[in-house]
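Quick notes on the structure that follows.
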Amino acid sequence: MPVPEFSPDLLGRLRAARSIVVFTGAGVSQESGIPTFRDALSGLWTQFDPMVLATPEAFEADPALVWGWYEWRRGLVLRCRPNPAHHAIAQLQHHVPELLVVTQNVDDLHERAGSRDVIHLHGSLHAPRCHHCGAPWPVPETMPEEPQEGRRLDPPACRHCGGPVRPGVVWFGESLPQQAWLLALERAARCDLLFSIGTSSVVQPAAQLPMRARAAGACIVQVNPEPTGLESPHHDLRGPAGTLMPALLDAAWP
Ligand code: BV8
Ligand code: ZN
């Protein structure tokens with residue numbers, strides 16, 4: 001990809017920003033080797049039905065299918081590393097007084113790249129808990145054995161009540177973690193600039209964040225190779241985040 005040109009308006013707003021929200025989705029981790037959800041060929045939801053994998057009813061109906069699938073994804077994330085997009089986002093926090101990363105991703109690649117303030121709207125693959133009593137279940141940082149795609153695995157039993165342990169993610173039909181969601185809304189309402197990076201902007205209520213920021217007067221910058229559900233951002237940067245984000249930082253602070 002040739003070195004992109006960025007508009008003077010975008011560079012000026014970026015340099016002047018006092019508070020930035022970086023809203024991310026699966027596309028930001030795509031260049032690390034983690035599949036997105038809705039990609040036509042490789043997306044997880046084009047190969048697997050979310051209704052039999054990502055709802056509380058699915059877990060109750062077939063815990064081994066769901067737990068095995070999430071352990072496969074957790075193993076995949078453990079083998080992946082942050083890419084230049086995660087690193088550029090972590091660098092950005094050194095150029096603005098206040099920056100919050102609000103991610104829909106259940107991986108930990110923003111944290112591993114060095115981003116300090118990260119909130120996870122859809123939970124984490126690395127924080128399982130009991131489906132009955134909510135007690136956290138400690139997962140090892142390395143996998144004893146590499147899980148395989150499509151392999152069933154019985155979930156462990158909670159040490160307190162014996163209930164099945166479930167992945168610490170937010171499934172369809174479940175509420176977002178309240179504190180995280182309220183903080184995201186508050187920051188979106190008072191930021192000067194919001195990046196929407198690598199998200200199709202279709203999952204609610206997360207997709208409301210850019211709209212909330214725009215209504216409050218923030219500049220909205222989208223980074224994505226494809227069009228999304230986000231309508232008319234002020235700046236629409238079409239391309240992979242791993243190329244565009246480092247180039248944008250270089251252009252703003254050469
Ligand atoms: C809720 C976590 C209240 C687990 C996930 C009808 C209308 C409106 C809403 C609804 C409706 N029917 C149902 C709903 C509600 C539902 C919803 O929004 N559904 C949508 C799909 C219609 N939402 C909920 O259920 C939420 N809860 O509403 O609670 C409630 C309570 C009771 C009853 C009712 C309501 C909970 C939603 C959370 C779901 N959890 N997963 C897991 O990971 O397994 S969602 C899933 O989608 C992922 O977590 C992900 O975080 C999220 C968003 O996806 P994206 O990250 O955007 O990924 P996607 O693949 O779509 O896009 C990737 C993008 O990257 C693409 O644009 C691509 O072009 C781009 N890209 C690719 N490569 C690159 C790139 N960009 C940059 N660089 C690259 N290199
Ligand atoms: Zn329990």
Open item on the list: Going residue by residue through the range 66-79, is there one that turns out to be touching a strand residue (DSSP E or B) at 6+ places or on another chain (Cβ under 7 Å), of a type in the set (Gly, Ala, Ser) and either touching a residue at least 12 places away in the same chain (Cβ under 8 Å) or not in a helix (DSSP H, G or I) (or both)?
Closed with: no
Task: Qualifying positions in the range 12-60 - buried (at least 20 other Cβ atoms within 10 Å of the Cβ) and within 16 Å of ligand 2 (Cβ to nearest atom) - done: 59
Open item on the list: Give me the residue from the range 119-149 that is in contact (Cβ under 8 Å) with a residue 60 or more places away in the chain and not in a loop (DSSP other than H, G, I, E, B) and, out of that set, farthest from ligand 1 (Cβ to nearest atom).
Closed with: 119
Open item on the list: What's the number of the only condition in (1) within 14 Å of ligand 1 (Cβ to nearest atom); (2) in contact with a Ser or Thr (Cβ under 8 Å, 6 or more places away or on another chain) that residue 96 fails to meet?
Closed with: (1)
Task: Single condition residue 9 does not satisfy, out of (1) surrounded by 16 or more Cβ atoms within 10 Å (Cβ to Cβ); (2) in the same structural domain as residue 106 (by TED's automatic domain parsing) - done: (1)
Task: Yes/no for residue 207 being closer than 19 Å to residue 108 by Cβ, modelled with pLDDT of 95 or more and not aromatic (Phe, Trp, Tyr) - done: no
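Of all residues in the range 150-168 being more than 16 Å from ligand 1 (Cβ to nearest atom) and assigned to a strand (DSSP E or B), which is surrounded by the fewest Cβ atoms within 10 Å (Cβ to Cβ)?
Going residue by residue through the range 150-168, those that are more than 16 Å from ligand 1 (Cβ to nearest atom) are 151-152, 154, 156-164.
This time we only want the ones that are assigned to a strand (DSSP E or B), so: 157, 164.
On the way: 157: 13, 164: 18.
For the range 150-168, the residue satisfying everything is 157.
The values are calculated or read from the model by the stated rules, or taken from the named source; none is laboratory data. None of the values given here were measured: they were computed from a predicted structure. Virtual Cβ from ideal backbone geometry, glycine too; neighbours counted across all protein chains shown.
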